[in-house]
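Student: Quick one: the structure is below, questions incoming.
The values are calculated or read from the model by the stated rules, or taken from the named source; none is laboratory data. The structure displayed is predicted, hence computed values, not measured ones. Quick reminder, even Gly has a Cβ in these numbers, built from the backbone with ideal geometry, and neighbours come from all protein chains shown. When the accessible area is computed, the model is the full protein with side chains, heavy atoms only, and any ligands, DNA or RNA have been set aside. Shrake-Rupley method; radii C 1.70, N 1.55, O 1.52, S 1.80 Å.
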Amino acid sequence: MAENLNIEVTPISRVEGHGDLVINMKNRKIETLILRIPESPRFFEAMLVGRNWTEPSHITSRICGICSVAHTYASIKATETAMGVKPNNQLIKLRKLIFHHECVQSNVLHVYFLAAPDFLGVGSVFPLIETNPEVVNIALRLKKMANDMVRIIGGRAVHPITTVVGGFTKLPTEDEMYQMRDMLKSAYPDLEKSLKILKTLKMPSFERETEYLSITDKNDYALYDGDIKSSDGWIINDQDYLTKIKEKVVQHSTGKHCWASRDSFMVGALARVNNNFDKLSDNAKNYAEELGLKVPCYNTFMNNFAQFVEVIHSVDDSIKLIESILDDGLDKDKAMVDVKVKAGRGVGVVEAPRGLLIHDYAYDETGKVLKANLIIPTNMNYANIEKDMQAYLPQIISKSEDEIRFDMEMLIRAYDPCISCSTHMLNVKLINNK
Amino acid sequence: MIMPKNTNIISTKDNVAKANYKIIGFGNIYMGDDGVGIRVIEEIRKRNLFNDYDNVILIEGGTSGIDLIFMINDSDKVIIIDAIDAGQDIGEIVRFNINDIEHYTKDNFKSFSLHDVNLLDVFNLIKKLQLKSDITVIGVKPKVIDYGDKLSPEIEDKINNIISLIQNEVNN
């Protein structure tokens, strides 16, 4: 049993200082417990100022390789709102479609490659190739399907290029729409097999009730658009986010901490499922039941299952969206709507795979950005992650230091945090390096 | 030997298939020297260096990690450009095949908090999955990896050298 702990975890495979976990405990009393995050969207906020209205979506799509569609659309929606642009139904359906598949890309990556190795006790994805090859193959097939969907609609599998303010520079063809529908339908056997595998995983029995924030919509399981909903009982228009969501810079991190009704809140798949369970497809609801995911759910580790349930919903809903677009008749003349540049302020709120994402821009009359504020989901979750760790540590204190370290990392990983996505530098050791 | 499409030389080996190359730049152009891979691809495009080659595809890989597995499909040879620390000096270029990378052991592997799979892990995955691949990595040790949309002068200076290495690789 640990009386004193001094844990510091720095991801060795990334640039030093990105995403450190620090725990100091003396005589079983927590003295320090922090997640130190140097990442900040403030560089991008400053970079946007003075840019032409056509640029922010392309710049901000590069903030993150995994959330590039979400940043693209938070940005596009902010600009369209500021300039009074109203996308037509076909555009909205196509946007929802591409949104689903960034969510599938990201959720599949997290559930299969990052979280599953923890629960299967193999440390990383590599041993899975020998111990559970089916998991790796399923994951790669599903990831490829989602990549192809994003590529067909967005022009590229990451950092989409056809997605612009006012619509799409190029629409998928009717043949491609049918091709996407077939790809989606062929995913079901892999999803069924995944369910059987995931059902064998044991989630730690940790619960801490908190406030859950997501967007919500009266018809849809909201990812692309909606009002902001709190599990504490309020719903506000997305343009009014500042009336509820507050942020501050904390000393130990350049990432901002956020709060709303309480001192912390959670965003992400679990928050979405908690707030919008009734809008999931029936199939997804059945999967949730099979996995023991009942709402409201206060176990952060269940975020992993919530992500998988969202994959099911995304596949189901995408087929419906494609059929609806085809039924209406894919109309190339409706690929764009007019944009009349004017001064104004607009807020774009979407669900990135890991939670609520907010872009808030003010434009002058020539269409240049005067001011930008971005709030990213991982910043929203920081305070909640620390509160979870403070609550979880006493429950696992009888374990060894190594086990505590591992359990804490698992808890942080359950949030699927976007900590070190911005860089890609490699540190390598070469054989016979001279 | 790879011949440009518009060459006047008539090959006597027309029946020999040319190797298909994918040249992939990784990194984030808004994280200082981390963006060197993308900058190299941009520069190759700007100079139209491989425009006449029907066997060369240029890809901005961004920070997409695991997607490399799909990018290497349908290619005989892959050249990756990235910011790399292999123990060399800042600005120094290294070139190696992925088979030359020391294999990870569980002890020195740590996957804390990453939401994408590290590129090095992907190399190992490619090897483990025994995907048919001949992957060469060309990297330069960065000086600054922090928010910023410019390369350090020391790294910017190396772009021509990196491009020469790529041209040698493709043309020989």
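Student: Below 8 Å between Cα atoms, with a sequence gap of 6+, how large is the relative contact order for segment A:334-400 in percent?
Tutor: Computed over segment A:334-400, the figure is 23 percent.
Student: Now, a different point. Could you work out how much longer the chain between A:GLN179 and A:GLU31 gets when fully extended? Use 0.36 nm per residue separation minus the Cα distance between them, nm to one decimal.
Tutor: 47.6 nm
Student: A follow-up question, please. Just the number, please: percent antiparallel of the DSSP beta bridges in the protein assembly as shown, rounded to the nearest 5.
Tutor: 70
Student: To the nearest 10 degrees, how steeply does helix A:133-154 sit against the main Cα axis of chain A, on a 0 to 90 scale?
Tutor: Computed tilt is about 30 degrees.
Student: Does the protein assembly as shown come out rounded, prolate or oblate by the C-alpha gyration tensor, with a ≥ b ≥ c the root eigenvalues, rounded set by a/c under 1.5 and, if not, prolate when a/b is larger than b/c and oblate if not?
Tutor: The shape class here is rounded.
Student: Hey, what angle do you get for helix A:303-328 against the long axis of chain A, alpha-carbon based, 0 to 90 degrees rounded to 10?
Tutor: 10
Student: Given a 1.4 Å probe and no ligands, DNA or RNA in the count, how much accessible surface is buried by A and B, both sides, to the nearest 100 Å²?
Tutor: The buried area between A and B, both sides summed, comes to about 5200 Å².
Student: For chain A, with a Gaussian network of springs between Cα atoms less than 10 Å apart, report the residue from A:PRO353, A:PRO417, A:PRO117 with the top mean-square fluctuation.
Tutor: Of the options given, A:PRO117 has the highest mean-square fluctuation.
Student: Still on this model: Hey, got the dipole for segment A:195-236? About the Cα centre, +1 on K and R Cβ, -1 on D and E Cβ, debye to the nearest 20?
Tutor: 460
Student: Helix A:188-198: angle to the longest alpha-carbon principal axis of chain A, degrees 0 to 90, nearest 10?
Tutor: 20
Student: Obtain the nm distance between the two label points defined at B:ASP74 and A:VAL22 by a simple spin-label model: each point lies 7 Å from its Cα along the Cα-to-C-beta direction.
Tutor: 5.0
Student: Would you mind pulling out the separation of the Cα centroids of segment A:299-321 and segment A:209-229, in Å?
Tutor: 14
Student: Would you work out the relative contact order for chain A, in percent, from Cα pairs under 8 angstrom that are 6 or more residues apart?
Tutor: 25
Student: Taking the Cβ of A:PHE168 as the centre, find all other residues whose Cβ is under 14 Å away and add up their charges (Lys, Arg: +1; Asp, Glu: -1).
Tutor: With Lys, Arg at +1 and Asp, Glu at -1, the neighbours total +4.
Student: Next question, about the same structure. Probe radius 1.4 Å, ligands and nucleic acids left out: which of B:LYS141, A:LYS218 has the largest accessible area, and how do the rest follow?
Tutor: Reading off the accessible areas and sorting them downward yields A:LYS218, B:LYS141.
Student: Still on this structure: Starting from the Cα of B:LYS143, step 7 Å along the direction of its Cβ; do the same at B:ASN172; then give the gap between the two resulting points in nm.
Tutor: So the label points at B:LYS143 and B:ASN172 sit 2.9 nm apart.
Student: Just report the Cα centroid separation between segment A:43-105 and segment A:324-400, whole Å.
Tutor: 9
Student: Out of A:ASP225, A:ASP316, A:ASP327, any idea which swings most in a Gaussian network model of chain A, alpha carbons joined below 10 Å?
Tutor: Greatest mean-square fluctuation among the candidates belongs to A:ASP327.
Student: Another question, then. Quote the accessible area belonging to A:MET183 in square angstrom, nearest 10, computed with a 1.4 Å probe and with ligands, DNA and RNA left uncounted.
Tutor: 40
Student: Label 7 Å along Cα→Cβ of A:ASP327; segment A:202-243 residues with amide nitrogen under 20 Å?
Tutor: Once the point is set 7 Å along Cα→Cβ of A:ASP327, A:218-222 turn out to lie under 20 Å by backbone N, inside segment A:202-243.
Student: Turning to a different aspect of this structure: Once the other residues with Cβ under 10 Å from the Cβ of A:SER231 are scored (Lys, Arg +1; Asp, Glu -1), what is the net sum?
Tutor: -2
Student: Springs between alpha-carbon pairs under 10 angstrom, Gaussian network model over chain A: which of A:PHE305, A:PHE277, A:PHE406 fluctuates most?
Tutor: Fluctuation is largest for A:PHE406.
Student: Among A:ALA139, A:HIS110, A:ALA82, flag the residue with its Cα farthest along the positive direction of the charge dipole of segment A:70-142, charges on Cβ as +1 for Lys/Arg and -1 for Asp/Glu.
Tutor: Going by the charge dipole, the pick is A:ALA82.
Student: Within 12 Å, Cβ to Cβ, of B:ILE159, how many net charges do the neighbouring residues add up to if Lys/Arg are +1 and Asp/Glu are -1?
Tutor: -2
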